[in-house]
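See below for the structure under consideration.
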């Protein structure tokens, strides 16, 4: 394999996509198994849901430390260590004999997942050129969505009889992916940045760079939008529970209902695959206006709200054989899509809603890379991921409380439908923040472009004694620090 050549780079992108998918599988396998895990460990579903919430939060907090470490040092060892940690935690979850052991294993896994998410984003952003960021980031973001879907499916299909099996299988898959990662290209910082072509760019983040990062107003909106967006997205982890409750309401046994809920939730989230369209549209519109990516994300999340509400309330008539095997239930659900109009309508609605909200993901990734120099990207991503984690954990907890509160007025599954519909209102402030980002992104992109050009010029002119024209080298953070402290410009 030509080291650093086209084939090696393509292989590296594929491995990063697989890693991003697998760490989301590790998260996605838990929700469909809340009842099964709780029953064996002698705790309620709420206790297992709490473990998921804690996992979200710890992963998000750990990501900041790992991202900063990755932005300052060699990123490859950080990613290897992170992958090994989450593999050990996931395997330990499947071997846990008590709730405290399960919770501890999930916490260990969360630390590793934080490293993989934040550091791999910075590496992938250095592998792709700005003009293709939306498209390639859509694949990277899609892999995370596919991983969550795969986790839901793996949890339901492999775990309905033995909840431990999906954890152990996922841990083994993580070990295989880690070995594959050892052969990837060790991407230099700024490798695909046009301003840095032919330059040995070795800038690293410093602790005093945080004010510089936050003075880029686009960063503020990109970080904050995740708080409200992820409250809505966090509520959607209960989608399998809604479909399971619908199946139980129609008289299906608990085991069959879990299978039906997992298959329907997986099938209905296929619209996330259309995030590729959102990335392509963002790339195309970005060539016309710097506001392009932000506007695509804003329109997507706002337009999706009514479709989600319809999805939760459309009645579904499910016709599969109760007590049948996994294969028979899956085939029955697929047949229902064609033969039962209510199921078909739900599928179309879900695919369209998810297509719209999924446009946000690749454009968010791409905008972080657009407005930040290479040595800041992992840290900015991790700050956004922290707010995402808080929002997602909050959504996961609050919607559970809402379901219990609504159960007095609305019997299942109606209480789930009402609760999920109410939480979609959080997409509205998300759309507003993307619109605000569209107003600042052009100036922030121009500032970063200028700073990178200056850093490249001074690096190429640097003499053997490390001086540039009699003055110390000025990196990107140094350049930014010389600007107006009130604006960063």
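Bear in mind these aren't lab numbers, they're just calculated from the coordinates by the rules spelled out. In this text the structure is predicted, and so the values were computed from the model without any measurement. Positions of Cβ are backbone-derived with ideal geometry, glycine not excepted, and every protein chain shown enters the neighbour counts.
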Open item on the list: Give me the percent relative contact order of region 138-261, please, defined on Cα pairs under 8 angstrom at least 6 residues apart.
Closed with: 20
Open item on the list: Please compute the modelled spin-label separation between residue 200 and residue 42, points set 7 Å along Cα→Cβ, answer in nm with one decimal.
Closed with: 6.4
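Relative to the present Cα-Cα distance, how much length would full extension add between residue 288 and residue 80 at 0.36 nm per residue of separation? All intermediate terms of the calculation are to be shown ahead of the outcome.
Details: separation 208, 0.36 × 208 = 74.88 nm, distance 3.97 nm.
Between residue 288 and residue 80, full extension yields an extra 70.9 nm.
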Open item on the list: If I model a spin label as a point 7 Å beyond the Cα along the Cα-Cβ vector, how far apart are those points for residue 72 and residue 439 in nm?
Closed with: 3.7
Open item on the list: If I model region 15-98 as equal point scatterers sitting on the Cα atoms and use the Debye formula, what is log10 I(q)/I(0) at q = 0.11, 0.14, 0.22 Å⁻¹?
Closed with: -0.36, -0.57, -1.14
- [ ] When a/c is below 1.5 the answer is rounded, else prolate if a/b is larger than b/c, else oblate, so apply that to region 53-159 with a ≥ b ≥ c taken from the square roots of the Cα gyration tensor eigenvalues.
- [x] oblate
Open item on the list: Suppose R0 equals 22 Å. What FRET efficiency, 1/(1 + (r/R0)^6) with r the Cβ-Cβ distance, do residue 129 and residue 180 give to the nearest 0.05?
Closed with: 0.35
Task: CD proxy at 222 nm, helix term only [per DSSP H run n ≥ 4: -39500 (n - 2.57); per residue of the chain; nearest 500] - done: -25500 deg cm²/dmol
Open item on the list: Can you tell me, using C-alpha contacts under 8 Å and at least 6 residues apart, the relative contact order of the chain as a whole percent?
Closed with: 23
Task: Estimated FRET transfer efficiency when R0 is 35 angstrom, pair residue 7-residue 168 (beta carbons, to 0.05) - done: 0.55
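Just want the ordering: 127, 149, 79, from fewest to most Cβ atoms lying within 10 Å of their own Cβ. All intermediate terms of the calculation are to be shown ahead of the outcome.
Working: 127 18, 149 22, 79 25.
Exposure proxy ranking, most exposed first: 127, 149, 79.
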Open item on the list: Shape verdict for region 260-399, please, from the Cα gyration tensor: rounded (a/c under 1.5), prolate (a/b greater than b/c) or oblate.
Closed with: prolate
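Contour minus end-to-end for residue 95 and residue 453, with contour as 0.36 nm per residue of separation and end-to-end as the Cα-Cα distance? Before the final figure, lay out the partial values.
Details: separation 358, 0.36 × 358 = 128.88 nm, distance 5.30 nm.
Extending this stretch completely gives an extra 123.6 nm.
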Task: Global size of region 366-415 as Cα Rg and Dmax, reported in angstrom - done: 18.1, 53
- [ ] Let me have the relative contact order for region 71-151, percent, based on Cα pairs under 8 Å that are six or more residues apart.
- [x] 30
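Let me know the shape class of region 281-342, please: from the alpha-carbon gyration tensor, a ≥ b ≥ c as square roots of the eigenvalues, rounded when a/c is under 1.5, otherwise prolate if a/b is greater than b/c, or oblate. Walk me through the numbers before you get to the answer.
On the way: a/c = 4.61, a/b = 2.67, b/c = 1.73.
Prolate shape, in that a/c is at least 1.5 and a/b is the bigger ratio.
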Open item on the list: As an exercise, use a Förster radius of 45 Å and the Cβ-Cβ distance of residue 104 and residue 335 to find the FRET efficiency, rounded to the nearest 0.05.
Closed with: 0.55
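Between residue 425 and residue 253, 0.36 nm times their residue separation minus their Cα-Cα distance comes to what? List each step's numbers first, then the result.
Details: separation 172, 0.36 × 172 = 61.92 nm, distance 3.35 nm.
Once the chain is fully extended between residue 425 and residue 253, it gains 58.6 nm.
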Task: Principal-axis tilt of helix 292-313 within the chain, Cα atoms, nearest 10 degrees - done: 10
Open item on the list: Show me the three semi-axes of the equivalent ellipsoid for region 165-284, from the C-alpha gyration tensor (sqrt of 5 times each eigenvalue), largest first, rounded to whole Å.
Closed with: 41, 23, 16
